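See below for the structure under consideration.
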Amino acid sequence: MPEKAMVYIDGFSLYFGLRDMGWSRYYWLNVKSLCEKFAKPPRCRLEGVKYFTSRIKGDQSKVARQDAFIQALKTVPNIEVLWGEYGTRGYKCHSCFHEGKLSTEKMTDVYKASEMIVDASQNKYDIAYLISGDRDLVPAIKVIKDRFPARRIVLIPPPMRYCSDLAEVAHVTLTMWEYYLRKAQFPPIITRTGRPPLTCPPSWT
């Protein structure tokens, strides 16, 4: 019998990892297709993908690109988008005393941790694939390993987002090869019944 698999994706960690790697050409990413490169049948049965992000603010071109991508994700069965918040906080440089504001993502770490623990308790997976480089998830993984020892956590760090603390507590760490990203792209134009097609943002090609 195949093992049940769930995937938990830190959307910002994935996006900024691709950006820092110079791989913006892979932003138009069908994350479920990517996940199927790891949770392969017949050994695994992919039960669902949970994609965690926050609604960005400000630059309307960025807002439009994010909206197009989220709408693309919604065309794929078994992808659930869970929203945190995206806000600003003040900061002051300790060297030059300049004051300004930083954009910050809030609550998605709590969502990821909560969903992973609750899903483990409800027997929704045998294997949890975590796409993130955020060390704040270490306590949640420790709880799952302690309370639900039959569950396994597989870490898949986004490019440029390897976290040794996460790798240390995960059961296995896999590599997100460029080949997988290239093969998991949405088509340039996604047709939708009764709705306008979705087009890959030009700056992402």
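The values are calculated or read from the model by the stated rules, or taken from the named source; none is laboratory data. What you see is a predicted model, and the numbers here were worked out from it, not measured in a lab. Glycine gets a Cβ as well: all are built from the backbone with ideal geometry, and neighbour counts include every protein chain shown.
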Residues satisfying the stated conditions in the stretch 35-82, i.e. of a type in the set (S, T, N, Q) and in a helix (DSSP H, G or I): Q60, S61, Q66, Q71
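So which of I127, I131 is touching a residue at least 40 places away in the same chain (Cβ under 8 Å) and farther than 17 Å from S13 by Cα?
Details: I131 fails: farther than 17 Å from S13 by Cα.
Of I127, I131, the one residue that is touching a residue at least 40 places away in the same chain (Cβ under 8 Å) and farther than 17 Å from S13 by Cα is I127.
Closer than 18 Å to A5 by Cβ, at pLDDT 95 or above and under 16 Å from the mean Cα position of the chain (by Cα) - does that describe any residue in the stretch 185-195?
No, the conditions are met nowhere in the stretch 185-195.
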Residue list for the stretch 105-135, restricted to those being acidic (D, E), assigned to a helix (DSSP H, G or I) and modelled with pLDDT under 95: D109
Residue list for the stretch 37-83, filter: farther than 20 Å from I156 by Cα and of a type in the set (A, V, I, L, M): I56, V63, A64, A68, I70, A72, V76
Residue match in the stretch 35-49 (condition: aliphatic (A, V, I, L, M) and either modelled with pLDDT under 95 or more than 27 Å from P197 (Cβ to Cβ) (or both)): yes
Search result, residues across the stretch 185-205 that are assigned to a helix (DSSP H, G or I), farther than 13 Å from L29 by Cβ and of a type outside the set (S, T, N, Q): P202
Total residues in the stretch 52-78, condition more than 27 Å from A113 (Cβ to Cβ) and of a type in the set (D, E): 1
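Residue-wise test of (1) in contact (Cβ under 8 Å) with a residue 12 or more places away in the chain; (2) surrounded by fewer than 12 Cβ atoms within 10 Å (Cβ to Cβ); (3) touching a strand residue (DSSP E or B) at 6+ places or on another chain (Cβ under 7 Å); (4) more than 16 Å from Y8 (Cα to Cα).
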{"residue": "A140", "(1), (2), (3), (4)": "yes, no, no, no"}
{"residue": "F148", "(1), (2), (3), (4)": "yes, no, no, yes"}
{"residue": "I156", "(1), (2), (3), (4)": "yes, no, yes, no"}
{"residue": "D165", "(1), (2), (3), (4)": "yes, no, no, yes"}
{"residue": "L174", "(1), (2), (3), (4)": "yes, no, yes, no"}
{"residue": "I189", "(1), (2), (3), (4)": "no, yes, yes, yes"}
Residue pairs meeting the criteria (Cβ under 6 Å; at least 6 apart or on separate chains; first more than 16 Å from L14 (Cβ to Cβ), in the stretch 69-85; second of a type in the set (S, T, N, Q)): E85/S54
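Looking at the stretch 180-189, can you tell me whether even one residue there is basic (K, R), more than 28 Å from Y129 (Cα to Cα) and out of contact with any helix residue (DSSP H, G or I) (no Cβ under 6 Å at 6 or more places or on another chain)? Quick ask: steps written out before the conclusion?
Looking only at the stretch 180-189, we keep the residues that are basic (K, R), and these are 182-183.
Narrowing further to those that are more than 28 Å from Y129 (Cα to Cα): none.
The answer is no, given that none of the residues of the stretch 180-189 is basic (K, R), more than 28 Å from Y129 (Cα to Cα) and out of contact with any helix residue (DSSP H, G or I) (no Cβ under 6 Å at 6 or more places or on another chain).
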